[in-house]
Protein chains: 2
Amino acid sequence: MPPNSEHARKHLRLAALELFAENGFDQTTTAQIAARAGLTERTFFRHFPDKREVLFEGQEILSAALSDATMRAPAELSPMQTLHLACASVTQLLEDNRPFSEPRQHIIAASPALLEREVAKHAALGRSVAAALQRRGVEPLQATFAAQIGLAVLSHAIALWFADASLPLNDCIERAFAELQMLASPAKSS
Amino acid sequence: MPPNSEHARKHLRLAALELFAENGFDQTTTAQIAARAGLTERTFFRHFPDKREVLFEGQEILSAALSDATMRAPAELSPMQTLHLACASVTQLLEDNRPFSEPRQHIIAASPALLEREVAKHAALGRSVAAALQRRGVEPLQATFAAQIGLAVLSHAIALWFADASLPLNDCIERAFAELQMLASPAKSS
DNA sequence: TTTTTAATGTCAGTGACTGACATATAACAA
DNA sequence: TTGTTATATGTCAGTCACTGACATTAAAAA
């Protein structure tokens with residue numbers, strides 16, 4: 001094979017993770033990351049479009065999985081039922097990634113710039129799911145709205161899951177969708 | 001008075017708006033903005049922490065209004081009733097700002113970097129509202145969840161409002177909250 | 001072994017952003 | 001009026017993220 005590229009990406013990601021954890025995102029230069037990986041700054045930018053992106057790889061996998069599940073759901077399901085099913089279908093993916101995403105969250109939470117990128121990724125995920133709903137015949141504005149709500153529920157489920165490590169993610173998802181119904185129903189008090 | 005600062009800010013904002021509309025965000029340098037405002041690049045960065053922020057002023061006003069209304073709502077209201085009331089209480093503010101926010105949206109939508117900042121502002125608004133709900137006694141995770149849902153409803157209401165200029169924003173808000181109930185209720189089909 | 005191709009290195013350059021220091025201008029006091 | 005002070009701005013040098021152009025290496029295939 002021609003010189004392996006995955007090898008370099010892996011090392012760059014690892015070096016970045018270490019340096020961000022040690023010195024913080026802002027105090028770390030891309031040249032330092034590249035140096036620790038035994039590479040040049042220029043090579044860093046050949047693998048990642050910008051300094052932040054080194055922490056956000058694999059996001060497209062979740063996005064694709066969620067969108068696919070949304071499109072493939074039985075046609076008779078309502079938008080929210082569709083999203084419920086789609087969320088349930090990506091639990092395995094999220095559970096596999098948990099060991100990686102846990103330390104990442106700490107780093108991201110410590111830097112406004114990284115937080116900004118994180119919410120941008122979340123918004124992109126929302127647009128992707130909304131597009132999938134549209135392909136099921138949902139009106140554009142409705143699709144965007146439903147996707148936003150569905151992702152808020154998923155985020156809440158993940159928050160519950162992070163708060164209590166013993167709970168399976170699937171249970172958290174069930175609970176989050178149940179809490180959505182309670183929140184949205186007009187009769188319910190606090 | 002000592003040399004007026006508001007004057008410079010206004011001119012910088014106006015110059016930026018014009019240049020972004022003419023040449024796009026990426027093709028505009030901060031030096032150009034400052035030059036059109038009759039100032040220096042250094043002065044630009046004394047008034048705005050970064051190039052994007054010149055488009056995002058007044059956001060704190062909405063954030064403060066929404067948080068205040070959330071905190072001041074009658075104690076017996078449920079979280080979602082509280083947010084419904086809070087949303088209704090900022091319609092005037094949003095309607096007054098519409099002439100400014102409409103052209104801004106076009107510029108923002110044309111630049112990924114600006115879109116990223118916009119969703120970051122939205123997320124910050126969500127954190128602020130969640131904090132307000134917490135001060136009403138709502139549990140942290142619940143508060144974050146409810147705030148997310150509430151802001152998604154408000155966003156949807158604004159989308160409806162932008163889609164049909166003849167509708168009053170208040171009607172859009174009522175409709176958006178009604179649509180949330182329909183979406184969330186399990187019995188309903190698409 | 002030679003050729004080819006993908007990955008990397010080198011280097012110069014742009015533009016966002018910052019710190020340090022100097023200057024101007026308006027209000028206020030003498 | 002004149003000097004003093006505080007705030008806004010100018011100037012300049014420097015760092016760092018990011019890019020284009022071109023040269024170089026190393027593995028794969030011919």
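The values are calculated or read from the model by the stated rules, or taken from the named source; none is laboratory data. All values reported here derive from a predicted model rather than from experimental measurement. Here the Cβ positions follow ideal geometry from the backbone for every residue, glycine too, while neighbour counts run over all protein chains shown. Heavy atoms of the whole protein, side chains included, go into the accessibility calculation; ligands, DNA and RNA do not. Shrake-Rupley method; radii C 1.70, N 1.55, O 1.52, S 1.80 Å.
At-a-glance table
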quantity	calculated
Members of region A:1-27 found to be under 16 Å from A:Ala109 (Cα atoms) and surrounded by 12 or more Cβ atoms within 10 Å (Cβ to Cβ), listed by number	A:Ala16, A:Leu17, A:Glu18, A:Leu19, A:Phe20, A:Ala21, A:Asn23, A:Gly24, A:Phe25, A:Asp26
Subset tally (residues that are of a type in the set (A, V, I, L, M, F, W, C) and either free of Cβ contacts under 8 Å to residues at least 60 places away in the same chain or out of contact with any helix residue (DSSP H, G or I) (no Cβ under 9 Å at 6 or more places or on another chain) (or both)) for region B:163-179	6
Residue in region A:70-90 that is free of Cβ contacts under 8 Å to residues at least 12 places away in the same chain, within 16 Å of DNA strand C (Cβ to nearest atom), open to solvent by 20 Å² or more (accessible area, probe 1.4 Å) and over 19 Å from A:Ser155 (Cβ atoms) present	no
Any hit, region A:17-26, residues being under 19 Å from the mean Cα position of the chain (by Cα) and away from DNA strand D (no atom under 11 Å from the Cβ)	yes
Subset tally (residues that are open to solvent by 50 Å² or more (accessible area, probe 1.4 Å) and more than 11 Å from the chain's Cα centre (by Cα)) for region B:36-63	9
Any pair with Cβ under 6 angstrom, 6 or more apart, that starts in region A:36-50 at a residue that is within 13 Å of A:Ala15 (Cα to Cα) and ends at one that is near DNA strand D (Cβ under 8 Å from one of its atoms) and small (Gly, Ala, Ser)	A:Glu41/A:Ala31
Residues located in region A:8-32, provided they are of a type in the set (A, V, I, L, M, F, W, C) and more than 27 Å from A:Leu94 (Cα to Cα)	A:Ala31
Top-ranked residue in region A:29-69 [being part of a loop (DSSP other than H, G, I, E, B) and away from DNA strand C (no atom under 16 Å from the Cβ); ranked as modelled with the lowest pLDDT]	A:Gly58
Residues of region A:100-135 that turn out to be hydrophobic (A, V, I, L, M, F, W, C), touching a residue at least 24 places away in the same chain (Cβ under 8 Å) and buried (at least 18 other Cβ atoms within 10 Å of the Cβ), as a count	6
Test: residue in region B:43-57 that is away from DNA strand D (no atom under 14 Å from the Cβ), closer than 30 Å to B:His84 by Cβ and more than 14 Å from chain A (Cβ to nearest Cβ)	yes
Those helices (runs of 4 or more DSSP H) lying entirely in region A:86-190 with at least 3 residues within 11 Å of another protein chain (Cβ to nearest Cβ)	A:112-135, A:140-163, A:169-184
Odd one out for B:Ala157, checked against (1) of a type outside the set (Val, Ile, Thr); (2) more than 26 Å from A:Arg127 (Cβ to Cβ); (3) open to solvent by less than 30 Å² (accessible area, probe 1.4 Å)	(2)
